[in-house]
Structure formats: structure tokens, C-alpha cells
Amino acid sequence: MKKILVLHTGGTISMHEDEDGDVETGIENPLTGAQVTLPDVDLTVENIFNLPSEHIGPIHMLKLQQRILKAEGAFDGVVITHGTDTLEETSFFLDSTLDVSMPIVMTGAMRSSNELGSDGLYNYQSALRVAAEHESQHRGVLVVMNDEIHAARFVTKTHTTNVATFGSPISGTMGLLTKRQIIYFYDLPKRHILPIAHVDKRIPVLKVYAGMDGQLLELLAASNIDGIIIEALGAGNLSREAAQGVQYILSRNIPVVVVSRSFNGVAEPVYDYLGGGVQLEKAGVIFATSINGQKARLKLLIGLDNRLDDSALHTYLHQL
């Protein structure tokens, strides 16, 4: 008998559509009493939060992480239901800070419990199947929706409303569920996991645009931030004026991390001109090569909480 801990946190999967067609949070989570048909699986269900995922931040992620650490050894797997808007961030935070062998599976829904074509209960049962599967061990945090399995490291939300919203543009889908099988296609490189105790760092994310100057960067530098993530153009480039703003931030010993604002591909220093990635890296900018801005923010938060020096922070952010 597999023992699975279920942690409900809220989100669309726990909501319902009212008579006007608006989706809202109810007092009770409809999944709490849901009937799932899984042989040899014993569920322990906890409603740890009941929040829209937009209301979930690092402090809630830390609470989830601490609950899972307490569950290690007592359960064979964990399933977390979560709103989809920030699901990739919570899954990445847990993946980066939990060194456990048991499967940790996150899922959600794009349609609430009483909408036509609701996908919540099906995704929930799929997540339970994956969590109970022996082959799911030692794979880090997984995201299961729409018959697909994605690695938290690379998954992102790609559509505002489609049930097939989650994709992994760099790595591709890690696995699939069929009626009778759970199939994995690949293993990921080993994760660099760090513990975390505090999530109080102030790290904004700024998207670059054509013609951007350095004024906003200078204003942020003066606002007591602990670091900044810049979603740069292409492989990691800025205008000349924005590059001067970055130089100002670096002069104040504030870490600057660059990712690409592009949906797919890797950020790396290629162009050698003022604002180009080569000169940015020489100035001290850190390139987070294969993650998006919201995940880079969490990774920088974790690195700063572990008091990594400049060299170690560069290595940590640069690794997959």
C-alpha cells in the first residue's frame, strides 16, 4: 500500500463557476471528498491553504517545503494541487530546495469544478498515479497536467486558458500518461539543491524593451533591493543606455542576473558591444542560461539566503 500525502493549496482546481459565469473560491474544496479509483493507495489529505495562486508567494512556498521535509520517511509521495498562474514558480522553488527521493507532483486545472469540460479531477487522479509510480522517484518535482509530465526546472505556462497550457520549451515533455502506463522519455542532469530558511530578499524582475534607458534601473538601485533579474533581448542584450543603468546597479554591489525575454532558447554572452552580452558578463552580470525571469528570481533568492559569494553565485545561477 502506497501512502500519498495530498496538500491542497487552492486555485482554479478548487473553485467553482457562479450563476454569472464568474469563477470564485468556495468555503469547501470540491476535491476534499473526491472519489479516485487507485488500487493500493492510501491518501492523507490536508488543506494547507485555500488561495488563488496569485496570492501565493515565497513565504507559502517555504511552508510547503517545510511540510514536505516533515513528511519524508512517512509517505511514499506527495501531490500538491495549486493554481496554475504561479504553479511553475512553486514547483521550481520546491525542486531547488528539497533533496528527497520520493515523488513530489504538482497539478492544477484550467477549468473550475462545475464548468463544462472541467479538468481538475482528471488531473488530480493523474498526479496521484504519477506519485505512486516507482519510476517517478529521484526525478525532482514534477508537474502533471493534460496527460503530460513536465520537470519543474523547465515547465512554464504557455496559454492563458487552454487546458494544454503547460509546456517545456527547452527540454520537451518528460513523460506521458496513458490508460495503463506511465512513460518517461529522459532523465535530467543532477540538480543543485540548497536549503533555505528565509525568503525576505527584495528581488524585482524587469523586462527590457526597445529604446529602454537606464533611469528605471537607477531608481530600483536606490530602493534597497537585494538583487535584480533582467529579461533581456535575444540571447541577453541591452540598449547602451540600459547597460549604463546596469553598470550603476553593479557599482552598488547589487547582483544583476540576465535571462532572455524570448520564450525559447538559452541566454548566453554572444555579442561584444556596449549592451551586448559579452560586455555585460565582463562587467559582472550573471547569466542564468536556461530559466525564465520568475524562476531566476527564486534561484537568486535561494543563493542569497545561502550567502553565496560572487563566484559561487555565478556558478549556481549558471547551472541548469
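The values are calculated or read from the model by the stated rules, or taken from the named source; none is laboratory data. Values in this document were obtained by computation on a predicted structure and should not be read as measured data. Positions of Cβ are generated from backbone atoms using ideal geometry, with glycine treated the same way; all protein chains shown enter the neighbour counts. The accessibility values were calculated without ligands, DNA or RNA, using every heavy atom of the protein model including side chains. Shrake-Rupley method; radii C 1.70, N 1.55, O 1.52, S 1.80 Å.
Ranking Asn50, Thr86, Val266 by how far each Cα lies toward the positive end of the dipole of the chain (charges on Cβ) leaves Val266 at the top. A cut-off of 5 Å between modelled amide H atoms, ignoring neighbours fewer than 5 places along the same chain, links Ser260 with Ala232, Ala267.
For the pair the stretch 60-77 / the stretch 147-198, the C-alpha centres are spaced 20 Å from each other.
The simple Förster model, with R0 at 25 Å and r as the Cβ-Cβ distance, assigns Lys190 and Thr160 a FRET efficiency of 0.15.
Note on the stretch 76-196: with charges restricted to the Cβ of Lys and Arg (+1) and Asp and Glu (-1), its dipole about the Cα centre is near 160 debye. In terms of overall dimensions, the chain has a Cα radius of gyration and Dmax of 20.4, 62 angstrom. Distances between every pair of Cα atoms in the stretch 265-312, grouped in 5 Å steps from 0 to the bin holding the largest one, split as 5, 20, 21, 24, 20, 8, 2 percent. Among Val205, Val130, Val257, which one shows the biggest mean-square fluctuation in a GNM of the chain, springs joining Cα atoms closer than 10 Å? Top of the fluctuation ranking is Val205. At a probe radius of 1.4 angstrom, the accessible area of the stretch 2-48 per residue rounds to 55 square angstrom.
When the alpha-carbon atoms of the stretch 92-146 are used, the pair Rg, Dmax equals 12.6, 39 angstrom. Kindly express, to the nearest 10 degrees and within the range 0 to 90, the angle between helix 240-251's C-alpha long axis and the longest C-alpha principal axis of the chain. The answer is roughly 80 degrees. Subtracting the Cα-Cα distance of Asp18 and Ser223 from 0.36 nm times their residue separation leaves 69.6 nm of extension gain. Tally up the carbon and sulfur contribution to the accessible surface of the chain as a whole percent, 1.4 Å probe, everything protein left in place. Carbon and sulfur atoms account for 48 percent of the accessible area of the chain.
Excluding ligands, DNA and RNA, the accessible surface per residue across the stretch 182-234 is 56 Å² with a 1.4 Å probe. Positive-end ranking of Val208, Leu233, Ala197 along the dipole of the stretch 193-279, with charges on Cβ about the Cα centre, is headed by Ala197.
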